[in-house]
Every structure is written in C-alpha cells, then in structure tokens.
Amino acid sequence: MNATTTVSEHKPFTKKQSFALVFVCTLLGAAAQILMKMGSAKMEHFDVMQVLTNLPLFVGYALYGINTVLLMFALRDGELSKLYPIIALTYVWVTVLSMYFFDEKLTFWKGAGIAIIVAGVSVLGKATNPPSPTAGILE
Amino acid sequence: MKTPVSSMVLVLVASIFGSFGAVFLKMGAEKLKTGLLNIISWQAGLGVGLFLLSSVFFVMGIKNGELSVLYPMVSLGYVWTLLWSRLFFKEPVTKEKFIALGMILTGIVFIAALG
C-alpha cells in the first residue's frame with residue numbers, strides 16, 4: 001500500500017453532506033467569533049495564560065480550531081464554487097449575533113457592505129478552480 | 001466612529017499573517033501527495049504558527065470596537081491570498097477573480113468607512 005492511495009482512500013462526502021457540514025461550520029465559526037469578542041473584553045493584554053484561563057476565549061479558540069479542520073474536510077470533497085457562498089454566510093451570522101449580544105446597530109452601509117462581500121466571495125468561489133486544500137480557511 | 005482605527009489596523013495585520021499561514025499550509029499540503037507522514041513538515045508547522053500569530057492580532061483587534069465592523073475585514077484575507085497565489089504559485093488572476101476582489105474591497109470600505 002503506497003501513501004498516495006492512503007490519502008485518497010477516504011470515503012468522499014456526498015454533495016448533501018458537504019453542504020450540511022459547511023453550513024454547520026458557518027454557525028460554529030460565528031459562535032467562535034462572538035466568544036472571542038466576549039473573552040477579549042475581559043483581558044488586559046494577550047498571553048497564553050489568558051487563552052487557558054479565560055473561558056469564553058478558550059472555548060472560542062477551540063471552536064475556531066474544530067471549525068478549521070471540519071472546513072478542510074468539507075472543502076476537500078465538495079465543489080468549491082457551490083460551497084463558497086455558504087461559507088460567506090458567516091459574515092451574516094456574525095452581524096446578526098453582534099446586534100443581539102453586543103447591541104451593535106445594523107446600518108444601511110453595514111448591510112450593503114455584507115451583501116457585496118457575500119456576493120464577491122461567491123464570485124471568487126466560481127472563479128477558483130481547482131479547489132485547493134487550504135481554500136476557504138481564511139473565511 | 002465607534003470602532004478605533006487601531007483595532008482595524010490590528011485586524012488588517014491579522015489578515016496578512018493569516019494569508020501567509022495559508023500559503024505555507026498549501027506548501028505543506030503539496031507534500032502530502034508524496035506520503036501521509038509528510039504532514040509533519042516545516043511548511044505545515046510554520047503555517048499553523050502563522051495562523052496562531054494571526055489569531056493573537058485578531059483577538060487584540062476585536063477587543064475594542066464593533067465586531068460587526070471588524071469581522072467583515074477578515075475577508076481582506078481573500079485579497080492577500082489571491083495576491084500570494086499569483087506570486088508564489090503562479091495561479092492566474094482571471095477577470096472573474098479581479099471582479100470578486102473589487103466587490104470584497106467595496107464591501108469592506110462601505111462597512112469600515114461608512115458603516
């Protein structure tokens with residue numbers, strides 16, 4: 001058994017599974033951002049002990065890590081052009097959750113800006129071919 | 001303006017480090033093709049390290065100011081990544097990609113300057 005077959009041996013996700021996984025990732029990613037913001041408000045400066053002792057920051061980091069790994073798996077099998085628009089939903093969730101948790105206001109320009117970014121990321125997904133293993137990590 | 005410019009700069013720096021992290025992870029992933037054990041390479045290690053460094057700047061950046069302004073700025077990462085893909089992997093910048101970049105930048109300007 002050579003290594004090349006080991007890499008490609010995994011059972012690929014169906015389209016539906018990839019979609020569902022990426023959708024879950026957007027929710028996890030948004031939750032991670034909210035927790036990191038909550039945690040950062042409680043800290044004076046950044047150090048490793050902060051991450052370990054500051055619960056929202058710790059959970060936020062953990063979610064972010066899990067999210068990144070899940071996303072890599074989902075993007076490995078799924079069609080990037082169809083999954084990118086879903087990934088961009090994270091921007092919508094973060095905005096909505098920020099209104100709820102931090103009393104931030106949704107202005108016209110914020111709404112318009114988010115819509116254009118989501119559309120732009122969708123166009124980018126269509127233009128990106130073939131999918132690379134690290135694509136989408138930066139969402 | 002409710003969101004300090006210093007916070008925006010920190011998130012901007014985070015997005016640059018993050019995009020370099022992606023470049024090295026990509027280099028690390030290329031090595032995977034020649035064997036699964038190659039997951040441990042200096043490129044992959046540096047990629048993860050840059051992601052962690054990026055997250056430090058990001059957390060410091062979102063401490064003050066509105067998350068609904070600062071988080072969308074993370075999409076700047078797409079812009080850098082495209083630039084590095086062109087420079088380091090010689091991936092072509094097509095018209096579509098160029099339009100996508102313009103849209104993402106327009107959205108960020110709307111939110112950061114007018115939002």
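The values are calculated or read from the model by the stated rules, or taken from the named source; none is laboratory data. Since this is a predicted model, take the numbers as computed values, not measurements. Cβ sites come from the backbone with ideal geometry, for glycine too, and all protein chains shown count toward neighbours.
Structure above, values below:
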{"read-out": "The range A:76-111, subset among the small types (Gly, Ala, Ser) and assigned to a helix (DSSP H, G or I), residue surrounded by the most Cβ atoms within 10 Å (Cβ to Cβ)", "value": "A:SER98"}
{"read-out": "Residue match in the range B:80-90 (condition: more than 8 Å from chain A (Cβ to nearest Cβ) and outside any helix (DSSP H, G or I))", "value": "yes"}
{"read-out": "Of all residues making up the range A:16-55, the number that are within 11 Å of chain B (Cβ to nearest Cβ) and modelled with pLDDT of 90 or more", "value": "12"}
{"read-out": "Qualifying residue in the range B:48-68 (condition: more than 18 Å from the chain's Cα centre (by Cα) and within 7 Å of chain A (Cβ to nearest Cβ))", "value": "yes"}
{"read-out": "Residues located in the range B:64-73, provided they are of a type outside the set (S, T, N, Q) and modelled with pLDDT of 95 or more", "value": "B:GLU66, B:LEU67, B:VAL69, B:LEU70, B:TYR71, B:PRO72, B:MET73"}
{"read-out": "The range B:94-107, residues that are facing chain A (nearest Cβ under 7 Å) and assigned to a helix (DSSP H, G or I)", "value": "B:GLU96, B:LYS97, B:ILE99, B:ALA100, B:MET103, B:ILE104, B:THR106, B:GLY107"}
{"read-out": "Single residue of B:LYS31, B:LYS26 found to be part of a helix (DSSP H, G or I), farther than 20 Å from A:ILE114 by Cα and facing chain A (nearest Cβ under 7 Å)", "value": "B:LYS26"}
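Conditions tested, residue by residue: (1) in contact with a strand residue (DSSP E or B) (Cβ under 9 Å, 6 or more places away or on another chain); (2) in a helix (DSSP H, G or I); (3) closer than 15 Å to A:TRP93 by Cα.
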{"site": "A:GLY29", "(1), (2), (3)": "no, yes, yes"}
{"site": "A:GLN33", "(1), (2), (3)": "no, yes, yes"}
{"site": "A:GLY39", "(1), (2), (3)": "no, yes, no"}
{"site": "A:MET43", "(1), (2), (3)": "no, no, no"}
{"site": "A:MET49", "(1), (2), (3)": "no, yes, no"}
{"site": "A:PRO56", "(1), (2), (3)": "no, yes, no"}
{"site": "A:VAL59", "(1), (2), (3)": "no, yes, no"}
{"site": "A:LEU71", "(1), (2), (3)": "no, yes, no"}
{"site": "A:ALA74", "(1), (2), (3)": "no, yes, no"}
